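Read through the structure below, which is laid out as C-alpha coordinates, and then see the notes.
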Amino acid sequence: QSFIRQGVVLDKLFKSLIVTPIDYNDLLLCDKNAIMVAARVLGYGKDYPIKITSPISGQEIEHTIDLTKLEEKQINWSLITEGVNEFELELPASKHVVKLKMLSHKDQAKMDTELKGLAKLKKNASVSTMMKYVITAIDGDSDNIKIRKFVDSQLLAIDSRAIRTYIAKVTPEIDLSIEIPDPEAG
(Lines give C-alpha, C1' and ligand atoms only; values in the text may rest on other atoms or scores of the structure.)
Protein backbone atom coordinates (compact mmCIF):
# COMPACT_ATOMS: atom_id res chain seq x y z
CA GLN A 1 0.00 0.00 0.00
CA SER A 2 2.83 2.41 0.80
CA PHE A 3 4.36 1.82 -2.67
CA ILE A 4 1.02 2.72 -4.24
CA ARG A 5 0.78 5.92 -2.16
CA GLN A 6 4.35 6.84 -3.11
CA GLY A 7 3.68 6.12 -6.79
CA VAL A 8 6.53 3.62 -7.06
CA VAL A 9 4.67 0.30 -7.23
CA LEU A 10 5.44 -0.22 -10.94
CA ASP A 11 9.10 0.68 -10.44
CA LYS A 12 9.33 -1.91 -7.65
CA LEU A 13 7.68 -4.49 -9.92
CA PHE A 14 10.01 -3.70 -12.84
CA LYS A 15 13.10 -3.83 -10.63
CA SER A 16 12.04 -7.27 -9.37
CA LEU A 17 11.56 -8.54 -12.93
CA ILE A 18 14.85 -7.29 -14.39
CA VAL A 19 17.59 -9.86 -13.89
CA THR A 20 20.31 -8.15 -15.94
CA PRO A 21 22.52 -5.87 -13.85
CA ILE A 22 21.62 -2.36 -15.03
CA ASP A 23 21.15 1.07 -13.53
CA TYR A 24 17.36 1.31 -13.39
CA ASN A 25 17.53 5.09 -13.78
CA ASP A 26 19.11 4.65 -17.23
CA LEU A 27 16.22 2.49 -18.46
CA LEU A 28 14.43 4.20 -21.35
CA LEU A 29 10.70 4.81 -21.09
CA CYS A 30 10.09 2.68 -24.18
CA ASP A 31 11.87 -0.20 -22.43
CA LYS A 32 9.61 0.19 -19.39
CA ASN A 33 6.57 -0.04 -21.68
CA ALA A 34 7.87 -3.32 -23.13
CA ILE A 35 8.51 -4.69 -19.64
CA MET A 36 4.94 -3.76 -18.67
CA VAL A 37 3.44 -5.74 -21.56
CA ALA A 38 5.74 -8.71 -20.87
CA ALA A 39 4.83 -8.62 -17.16
CA ARG A 40 1.13 -8.62 -18.06
CA VAL A 41 1.60 -11.66 -20.31
CA LEU A 42 3.65 -13.54 -17.71
CA GLY A 43 1.30 -12.66 -14.85
CA TYR A 44 -2.13 -13.01 -16.43
CA GLY A 45 -1.59 -14.69 -19.79
CA LYS A 46 -1.54 -13.44 -23.35
CA ASP A 47 -5.29 -12.81 -23.69
CA TYR A 48 -6.48 -9.30 -22.82
CA PRO A 49 -10.28 -8.99 -23.03
CA ILE A 50 -11.71 -5.54 -23.82
CA LYS A 51 -15.07 -3.91 -24.44
CA ILE A 52 -15.31 -0.92 -26.74
CA THR A 53 -18.11 1.12 -28.23
CA SER A 54 -18.01 1.31 -32.01
CA PRO A 55 -17.72 4.90 -33.21
CA ILE A 56 -19.71 3.88 -36.30
CA SER A 57 -22.65 1.86 -34.99
CA GLY A 58 -22.53 2.75 -31.28
CA GLN A 59 -22.67 -1.00 -30.53
CA GLU A 60 -20.62 -2.39 -27.64
CA ILE A 61 -18.07 -4.88 -28.99
CA GLU A 62 -16.23 -7.47 -26.91
CA HIS A 63 -12.85 -8.49 -28.22
CA THR A 64 -9.81 -10.37 -26.89
CA ILE A 65 -6.37 -9.08 -27.77
CA ASP A 66 -3.47 -11.53 -27.94
CA LEU A 67 -0.68 -9.44 -26.39
CA THR A 68 1.99 -11.72 -27.88
CA LYS A 69 0.82 -10.71 -31.37
CA LEU A 70 1.45 -6.98 -30.86
CA GLU A 71 4.03 -5.76 -33.34
CA GLU A 72 6.89 -3.36 -32.87
CA LYS A 73 6.25 0.13 -34.15
CA GLN A 74 8.02 0.68 -37.44
CA ILE A 75 10.92 3.05 -36.89
CA ASN A 76 13.79 4.29 -39.00
CA TRP A 77 16.65 2.11 -37.70
CA SER A 78 19.18 3.92 -39.90
CA LEU A 79 18.89 6.92 -37.55
CA ILE A 80 19.99 4.85 -34.55
CA THR A 81 23.54 3.99 -33.53
CA GLU A 82 23.51 1.00 -31.21
CA GLY A 83 24.37 1.95 -27.65
CA VAL A 84 24.07 5.69 -28.29
CA ASN A 85 21.09 7.71 -27.10
CA GLU A 86 21.85 10.85 -29.10
CA PHE A 87 20.38 12.14 -32.34
CA GLU A 88 21.01 15.25 -34.38
CA LEU A 89 18.32 17.25 -36.14
CA GLU A 90 18.31 20.53 -38.04
CA LEU A 91 15.15 22.38 -37.11
CA PRO A 92 13.03 23.24 -40.16
CA ALA A 93 12.21 26.86 -39.34
CA SER A 94 15.03 28.24 -37.19
CA LYS A 95 17.72 26.06 -38.81
CA HIS A 96 19.37 25.45 -35.42
CA VAL A 97 21.02 22.05 -35.12
CA VAL A 98 19.87 20.30 -31.95
CA LYS A 99 21.06 17.13 -30.30
CA LEU A 100 18.25 15.06 -28.84
CA LYS A 101 17.87 12.01 -26.63
CA MET A 102 15.13 9.57 -25.67
CA LEU A 103 13.97 10.04 -22.09
CA SER A 104 15.14 7.68 -19.37
CA HIS A 105 13.45 6.80 -16.09
CA LYS A 106 15.66 9.37 -14.33
CA ASP A 107 14.68 12.08 -16.84
CA GLN A 108 11.00 11.26 -16.41
CA ALA A 109 11.27 11.46 -12.61
CA LYS A 110 12.93 14.89 -12.80
CA MET A 111 10.37 16.05 -15.35
CA ASP A 112 7.47 14.85 -13.19
CA THR A 113 8.83 16.77 -10.20
CA GLU A 114 9.20 19.92 -12.30
CA LEU A 115 5.68 19.56 -13.71
CA LYS A 116 4.22 19.15 -10.21
CA GLY A 117 5.87 22.41 -9.20
CA LEU A 118 4.50 24.16 -12.28
CA ALA A 119 1.03 22.77 -11.58
CA LYS A 120 1.11 24.44 -8.15
CA LEU A 121 1.70 27.71 -10.01
CA LYS A 122 -1.25 26.83 -12.28
CA LYS A 123 1.04 26.48 -15.30
CA ASN A 124 0.66 23.73 -17.88
CA ALA A 125 3.99 23.39 -19.64
CA SER A 126 4.28 19.68 -20.33
CA VAL A 127 5.54 20.02 -23.92
CA SER A 128 8.08 22.74 -23.19
CA THR A 129 9.26 20.89 -20.07
CA MET A 130 9.72 17.73 -22.13
CA MET A 131 11.74 19.73 -24.68
CA LYS A 132 14.08 20.88 -21.90
CA TYR A 133 14.89 17.25 -21.17
CA VAL A 134 14.95 15.92 -24.74
CA ILE A 135 17.28 18.60 -26.14
CA THR A 136 20.87 18.07 -25.02
CA ALA A 137 22.61 20.69 -27.19
CA ILE A 138 21.81 23.57 -29.52
CA ASP A 139 24.34 24.33 -32.26
CA GLY A 140 26.94 22.40 -30.27
CA ASP A 141 26.27 24.23 -26.98
CA SER A 142 25.16 21.86 -24.21
CA ASP A 143 24.74 24.50 -21.48
CA ASN A 144 21.49 23.55 -19.70
CA ILE A 145 20.62 27.17 -18.85
CA LYS A 146 20.91 28.18 -22.51
CA ILE A 147 18.81 25.19 -23.60
CA ARG A 148 16.06 26.11 -21.11
CA LYS A 149 16.13 29.75 -22.20
CA PHE A 150 15.94 28.69 -25.86
CA VAL A 151 12.94 26.43 -25.20
CA ASP A 152 11.14 29.14 -23.20
CA SER A 153 11.73 32.05 -25.58
CA GLN A 154 12.92 30.96 -29.01
CA LEU A 155 11.63 27.47 -29.82
CA LEU A 156 9.00 27.81 -32.51
CA ALA A 157 5.94 25.57 -32.55
CA ILE A 158 6.91 24.16 -35.96
CA ASP A 159 10.37 23.25 -34.63
CA SER A 160 8.87 21.73 -31.48
CA ARG A 161 6.62 19.56 -33.62
CA ALA A 162 9.60 18.51 -35.74
CA ILE A 163 11.45 17.40 -32.60
CA ARG A 164 8.48 15.37 -31.34
CA THR A 165 8.03 13.77 -34.78
CA TYR A 166 11.73 12.91 -34.97
CA ILE A 167 11.78 11.39 -31.49
CA ALA A 168 8.77 9.26 -32.48
CA LYS A 169 10.72 8.06 -35.56
CA VAL A 170 13.62 6.81 -33.46
CA THR A 171 11.85 5.47 -30.37
CA PRO A 172 11.36 1.70 -30.44
CA GLU A 173 7.92 0.92 -29.05
CA ILE A 174 5.30 -1.76 -29.08
CA ASP A 175 2.47 -0.71 -31.38
CA LEU A 176 -0.56 -0.82 -29.11
CA SER A 177 -3.02 0.17 -31.82
CA ILE A 178 -5.35 -2.55 -33.03
CA GLU A 179 -8.20 -2.80 -35.49
CA ILE A 180 -11.44 -4.35 -34.40
CA PRO A 181 -14.09 -4.90 -37.07
CA ASP A 182 -17.58 -3.58 -36.34
CA PRO A 183 -19.95 -6.55 -36.87
CA GLU A 184 -22.72 -4.22 -38.14
CA ALA A 185 -20.70 -1.78 -40.25
CA GLY A 186 -17.93 -4.14 -41.27
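The values are calculated or read from the model by the stated rules, or taken from the named source; none is laboratory data. Note that this is a predicted model, so its numbers are computed, not measured. All Cβ positions, even for glycine, are placed from backbone atoms using ideal geometry, and neighbour counts span all protein chains on display. With ligands, DNA and RNA removed, areas are computed over all heavy atoms of the protein, side chains included. Shrake-Rupley method; radii C 1.70, N 1.55, O 1.52, S 1.80 Å.
Observations on the structure shown:
- Cβ-Cβ FRET estimate between residue 40 and residue 121, R0 fixed at 45 Å, reported to 0.05: 0.75
- Long-range HN-HN contacts of residue 137 with modeled amide H, under 5 Å: 99
- Within the range 104-186, GluC sites (Glu not before Pro) in DSSP loop having at most 13 other beta-carbon neighbours inside 10 Å: 179, 184
- For the range 18-137, averaging the sequence separation of C-alpha pairs within contact (under 8 Å, six or more residues apart) and dividing by the residue count gives a relative contact order of 23 percent.
- Efficiency of FRET from Cβ geometry, residue 76 and residue 154, R₀ 22 Å, rounded to 0.05: 0.20
- Per residue solvent-accessible surface (Å²) - the range 140-186, probe of 1.4 Å: 67
- Among the trypsin sites (Lys or Arg not before Pro) found in the range 53-140, those both in a DSSP coil and sparsely packed, with 10 or fewer other Cβ atoms within 10 Å of their Cβ, are 95, 122.
- Gyration tensor verdict on the range 1-93 (Cα atoms; rounded if a/c is under 1.5, prolate if a/b is larger than b/c, oblate otherwise): oblate
- GluC sites (Glu not before Pro) lying in DSSP loop within the range 1-110, provided at most 15 other Cβ fall within 10 Å: 71, 82, 86
- With contributions of -39500 (n - 2.57) from each DSSP H run of at least four residues, the per-residue ellipticity at 222 nm computed over the chain stands at -13000 deg cm²/dmol.
- The alpha-carbon of residue 46 sits under 21 angstrom from the alpha-carbons of these lysines, leaving out residues fewer than 8 places away in its chain: 32, 69, 73.
- Under a 5 Å amide H cut-off, with hydrogens placed 1.01 Å from N, residue 173 pairs with 73 among residues at least 5 apart or on other chains.
- Which label in (i) 57; (ii) 48; (iii) 26 gives the computed percent of Cα pairs over 26 Å apart: (ii)
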